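Notes follow the structure.
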Amino acid sequence: MRVSIIMSNRNDTAMLAVTVRSCLEALKAVPGGGEVVIGENSEQEKYEMIAAGSFFAKRYFGNEVQLVRVKEPCLFRAREAAIRAARGQYILCLDSHMILGHNMVKDLVDFMNANKARKIGFAHAPINWLHQHHTKAKHDRDMSPGANELGPWHGIYPKASRMTWKGMPWICKKKTWYDINQYGALSEHGISWGGGDMHIGIKPWLLGYENWAVPTSPAYHIGPFPKHVRQLHPYRLYRDSGRFPAGFGFLLSCYVLGGHGMLERNGPTVQERFGVDVEKHKALAIRLGEKERAWLDARRLWTFETLIERQPWEHAD
């Protein structure tokens, strides 16, 4: 099997079926085929509805769609469980509320097949939001010197190019996922929503891999919904799951990736943006991050500061 499209789902009964059907349609264009693997993280009542086939045909289960039950509500553990169950050579990560652009999956798989000699961490399609203009599609985050280190949106690339990082949609070799230590401390400690994209997005660069932008159609994020719809269908369904406040994962990730310096520089932004009491939680972030930071220090080719200084994504072949 060529590719496994993985996603986690927590209580999303509004758009999960739309996403799964979009994936199954997209996989028809991929030589070697693929599957959809859902790390099903919903509350029991909603999980039973999904498992019974209330939202998409149960006939897909076991063949084109795997449903992997993860009872503890944690985005990172649910995605990791889906990846463990995946049978594909490549892993392609999505949210459970997305619509895939024309040939996006095929183009990502073709890119990986054509670049096997490169040490690629993640290859990215652009992301856009259904309520925004098509020019708002983005491939990566801004990591230029002086930019906010938590990454404001940057640009889109008309040809295959090295890029910084972002969240899904991304594709990687299944082996690479384990080589970069997955979500590391975020999944080990069952951390709540926030920080995961930065955590796995920057680690490949620190470990000597490259992230690449693939010129293809975007994946379209469904939501955030208008206010009157959000009352029935909340948007960030993972925000109040996992351990510690939403956004705490950014503090933990900053320490793992860049030590005390990165944590101190970005603490005020985390507090302002996510409402996390940094002074209250900083020591905890350091304690929970020590193990993965030691793992990374033993393998890293770059410090975070050197990465920002040298900007390796700016170098042409």
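Quick one: net charge around residue 39, please, counting Lys, Arg +1 and Asp, Glu -1 for every other residue with C-beta under 10 Å from its C-beta.
+3
So for the chain, what percent of the C-alpha to C-alpha distances run longer than 25 Å? The partial results should precede the final answer.
Details: 24109 of 50086 pairs.
Tail of P(r) above 25 Å: 48 percent of Cα pairs.
Lysine pairs in segment 57-191 8 or more apart or on different chains: how many have alpha carbons under 12 angstrom apart? Provide the component values of the computation, followed by the final result.
Details: 116/173; 119/173; 119/175; 138/166.
Lysine pairs satisfying the spacing and distance rule in segment 57-191 number 4.
Farthest toward the positive end of the dipole of the chain, out of 91, 135, 276, is the Cα of 91, where the dipole comes from beta carbon charges about the Cα centre.
Remark on residue 170: its backbone amide H falls under 5 Å from those of 93, a criterion applied only to residues 5 or more positions apart or on other chains, H modelled at 1.01 Å from N.
What ranking do 75-85, 206-216 get when scored by the average of other Cβ atoms within 10 Å per residue, highest first?
Details: 75-85: 23.7, 206-216: 20.8.
The densest-packed peptide leads the list: 75-85, 206-216.
Result for the chain in a Gaussian network model with C-alpha springs under 10 Å: among 271, 132, 182, the largest mean-square fluctuation is at 132. Based on Cα contacts under 8 Å between residues 6+ apart, segment 199-313 shows a relative contact order of 35 percent. Close amide-amide hydrogen proximity is noted between residue 223 and 130, 131, each under 5 Å apart and 5 or more residues distant or on a separate chain (H modeled in the peptide plane; Pro and chain starts excluded). For residue 203, list the aspartates and glutamates whose Cα falls under 17 Å from its own Cα; do not include residues on the same chain fewer than 8 positions away. Hits, sequence-local ones excluded: 80, 140, 142, 149, 179, 188, 290, 292, 297, 305, 309. Centre-to-centre, using Cα atoms only, segment 280-317 and segment 11-42 are separated by 33 Å. Model label sites at residue 63 and residue 295, defined 7 Å from Cα along the beta-carbon direction, differ in position by 3.8 nm.
For every helix of n ≥ 4 consecutive DSSP H residues, a contribution of -39,500 (n - 2.57) applies; sum these over the chain, divide by its total residues, and give [θ] at 222 nm rounded to the nearest 500 deg cm²/dmol.
Details: 11 runs with 121 residues, N = 317.
Calculated from helices alone, the mean residue ellipticity at 222 nm is -11500 deg cm²/dmol.
FYI, it's all coordinate maths here, none of it is from the lab. Because the structure is predicted, anything quoted here is derived from the model rather than measured. Every residue, glycine as well, gets a Cβ built from its backbone with ideal geometry; the counts of neighbours run over all protein chains shown.
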